Every structure is written in structure tokens, then in C-alpha cells.
Amino acid sequence: MNRLLLALGAAFLAAATPSLAGDLPLQQRPTYVQPEVVNSLFNWSGFYVGGHAGYGWGSAIGGNADGFLGGLQAGYNFQVTPSVVLGVESDLTFTSIDDNVGVAKFGIDYLGTMRARLGYSIDRVMFYSTGGLAYGRGELQIAGLSNREFHWGWTLGAGIEAMISPKVSAKLEYLYLNLSDETYQSILGSRSVGYNTNLLRGGINYRF
């Protein structure tokens with residue numbers, strides 16, 4: 001009799017165990033949450049205008065032509081991806097760059113460039129390379145008599161620009177300019193003069 005009761009009890013427990021297990025709360029599985037995409041507060045796309053100032057040094061008539069400079073620039077950027085920025089920029093720079101060699105003095109009245117820019121941006125900071133056309137007007141003086149000529153050439157450079165606010169940015173830029181030879185007339189006869197210069201300048205841009 002006791003064996004029969006034990007056998008019935010064992011059978012009951014075996015039958016009831018799955019039901020009880022089914023009633024236990026299942027362990028909550030972790031849910032996957034899509035990470036939030038944070039858009040940059042700074043976008044480089046759009047038109048801008050600004051000013052710059054700096055220093056230039058190079059060579060023209062056998063000496064070292066150097067001096068201060070300042071001017072204006074305008075351009076347009078297009079942010080292709082969150083990291084890649086394409087742009088174009090034009091500038092006009094007035095200079096005090098000159099050089100004296102004997103009785104001759106050569107100076108640069110102004111320089112200008114028309115350039116493409118390729119930038120890599122990290123939120124509010126952009127590193128860029130740039131290159132394109134360059135031009136300028138030189139003046140050769142010999143014994144007090146002067147002659148001015150216009151030069152065309154090319155330029156290459158690089159820089160860094162950082163957003164101060166969504167509308168205002170500051171930049172530091174280096175450019176190398178190579179201007180072709182032009183023939184200047186003087187009391188000593190004609191003279192072919194070319195000019196190459198290095199420009200280091202800082203600037204401020206305002207964006208629209």
C-alpha cells in the first residue's frame with residue numbers, strides 16, 4: 001500500500017512539474033536600442049565673405065622681396081559628406097612687398113587668386129588644401145622712373161579653419177605664388193622680371 005501511494009505521488013509530481021515551470025516568469029530579454037544619430041551643429045555649406053592680413057616673402061630681382069599685406073576674400077563651400085568639403089574662393093590682397101637691389105627697386109602693388117579648396121572637416125574644424133590661378137601687378141623703379149606690369153601665374157597652399165560660431169570662422173593659411181616673367185621698360189633698357197612669393201596670413205569669414 002505504501003509503495004502504491006509513493007508511486008502515485010511520484011507520478012503526480014512528474015505531471016505537475018511542467019505546469020509549474022510554465023507558470024514561472026520568463027527572464028526578460030535585453031532589448032536592442034538603435035543608437036541616436038547626433039548631427040553636427042556646424043555645417044560648412046554656403047557663401048561667405050571676409051578679410052585677411054599677414055606677411056609675404058620671396059624673390060624677384062635677385063634680392064629678398066618681403067612686406068606686410070591685407071585684403072578681402074569671398075567664396076562658397078559645399079559639404080559633400082560629414083567629413084568632405086569642396087569649395088571655391090577668390091581674394092584680392094594689397095601689399096607693401098618690395099625689394100631693393102642697387103639702383104633698382106621692385107614692388108608688388110597687389111596680388112589675387114582664384115582657387116579651388118578641398119577640405120576635411122572634424123565638426124567645427126576643417127583642414128584644407130587649395131590651388132588655382134594667381135595674378136598681381138608689379139612695379140619696377142630705376143633711378144626714380146617706374147614701370148608697372150601685370151603678371152599671371154599659379155598658386156598652391158594649405159590651411160586650417162575653425163568655426164567660432166555658426167556664422168563666423170577664423171583661418172590660418174599658407175600660399176605659394178609663382179608669377180610669370182614680364183618685360184619692364186627702364187632707362188637702362190628692358191628687363192624681364194618674374195616673382196615668386198610665400199604668403200602666411202590669418203583671416204575671418206562671415207557666412208550667409
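Couple of notes before you dig in:
- Unmet requirement for Thr81, which otherwise passes all of (1) in contact with a strand residue (DSSP E or B) (Cβ under 8 Å, 6 or more places away or on another chain); (2) surrounded by fewer than 21 Cβ atoms within 10 Å (Cβ to Cβ): (1)
- Looking across segment 128-143, just one residue is surrounded by fewer than 18 Cβ atoms within 10 Å (Cβ to Cβ), assigned to a strand (DSSP E or B) and of a type in the set (A, V, I, L, M, F, W, C), and that is Leu133.
- Tally, over segment 58-75, of residues that are buried (at least 16 other Cβ atoms within 10 Å of the Cβ) and within 25 Å of Leu118 (Cα to Cα): 4
- Residue match in segment 165-172 (condition: closer than 18 Å to Asp66 by Cα, surrounded by 13 or more Cβ atoms within 10 Å (Cβ to Cβ) and in contact (Cβ under 8 Å) with a residue 24 or more places away in the chain): no
- Residue match in segment 28-50 (condition: modelled with pLDDT under 55, loosely packed, with under 10 Cβ neighbours inside 10 Å and closer than 28 Å to Leu172 by Cα): yes
- Answer residue from segment 182-196, given it is part of a strand (DSSP E or B) and touching a residue at least 24 places away in the same chain (Cβ under 8 Å) and is farthest from His151 (Cα to Cα) among those: Arg191
The values are calculated or read from the model by the stated rules, or taken from the named source; none is laboratory data. Note that this is a predicted model, so its numbers are computed, not measured. All Cβ positions, even for glycine, are placed from backbone atoms using ideal geometry, and neighbour counts span all protein chains on display.
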